[in-house]
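Report on the following structure.
Read-outs throughout are calculated quantities, based only on the coordinates presented, and are distinct from any laboratory measurement. Small disclaimer: the values here were computed from a predicted structure and weren't measured.
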Amino acid sequence: MGQQQLLLIILGIIIVGVAIQVGIMMFSSQSIRANQDAILMDLTNLAADVYQFKIRPTIMGGGNGTYAGYIISVNGPWGVENPNATYEVLTQTNTVLQLKATSRQVDGATINISYDGNFRVTAGPTIVGFN
């Protein structure tokens with residue numbers, strides 16, 4: 001083979017390698033974004049569940065006007081089987097609800113959100129570590 005043919009083969013190998021690397025990076029960033037979106041959806045559903053607890057009378061297993069007393073069930077949709085994140089209630093009073101999600105797929109990534117007594121977002125979502 002001539003020098004020109006060898007040069008074209010090497011150039012082709014480099015181009016294929018770069019294309020593979022770019023594809024891997026695009027897939028990885030899309031996967032991270034999908035995890036972030038799934039966690040935000042889970043937090044929205046969890047917050048709605050906590051609000052339903054708040055407005056439900058005590059006799060029906062609710063909070064009777066307070067977020068206090070709500071417990072995330074380990075066997076429920078936001079428990080140990082959830083593939084997206086681990087969820088926790090940071091603060092729960094009559095007027096404040098703070099939720100935190102720690103991603104199971106992205107190391108160190110968290111999302112925090114706070115609600116007031118009327119179920120309006122007061123802070124957040126604060127998204128950290130999804131880069």
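Close amide H partners of residue 104, meaning residues 5 or more places away or on another chain with modelled amide H under 5 Å apart, are 85, 86. Put one equal scatterer on each alpha carbon of segment 1-63, apply the Debye formula with no solvent term, and list log10 I(q)/I(0) at q = 0.15, 0.29 1/Å to two decimals. These q points yield log10 I(q)/I(0) values of -0.69, -1.05.
In sequence order, segment 116-126 has phi-based couplings of 9, x, 9, 6, 9, 5, 9, 8, x, x, 9 Hz under the Karplus curve 6.51 cos²θ - 1.76 cosθ + 1.60, θ = phi - 60°, and Gly or Pro positions carry x. Taking 0.36 nm per residue of separation and subtracting the current Cα-Cα distance, fully stretching the chain between residue 3 and residue 55 would add 10.9 nm. Anyone know which of 103, 114, 31 comes out most mobile in the 10 Å Cα GNM of the chain? Looking only at 103, 114, 31, the largest GNM fluctuation is found for 31. Our coupling estimate for segment 57-66, obtained by passing each phi through the Karplus curve with A = 6.51, B = -1.76, C = 1.60 and θ = phi - 60°, is x, 4, 4, 9, x, x, x, 6, x, 9 Hz, Gly and Pro reported as x. Treating each Cα of segment 85-131 as one equal point scatterer and applying the Debye formula with no solvent, the log10 of I(q)/I(0) at q = 0.15, 0.28 Å⁻¹ comes out as -0.39, -0.95.
Near the amide H of residue 56, under 5 Å away, which other amide H atoms are found, from residues 5 or more places off or on another chain, if H is placed in the peptide plane? Those lying under 5 Å, H to H, from residue 56 are 63, 64, 65.
In this structure, the amide hydrogen of residue 122, modeled 1.01 Å from its nitrogen in the peptide plane, lies closer than 5 angstrom to those of 114, 115, 116, counting only residues at least 5 positions away or on a different chain. Evaluating 6.51 cos²θ - 1.76 cosθ + 1.60 at θ = phi - 60° for every residue in segment 91-100, the Karplus couplings come out as 9, 8, 10, 4, 10, 9, 10, 10, 10, 9 Hz, glycine and proline recorded as x. With springs only between Cα atoms under 10 Å, which of 110, 58, 95 fluctuates most in a Gaussian network model of the chain? Answer for the Gaussian network model of the chain: 58.
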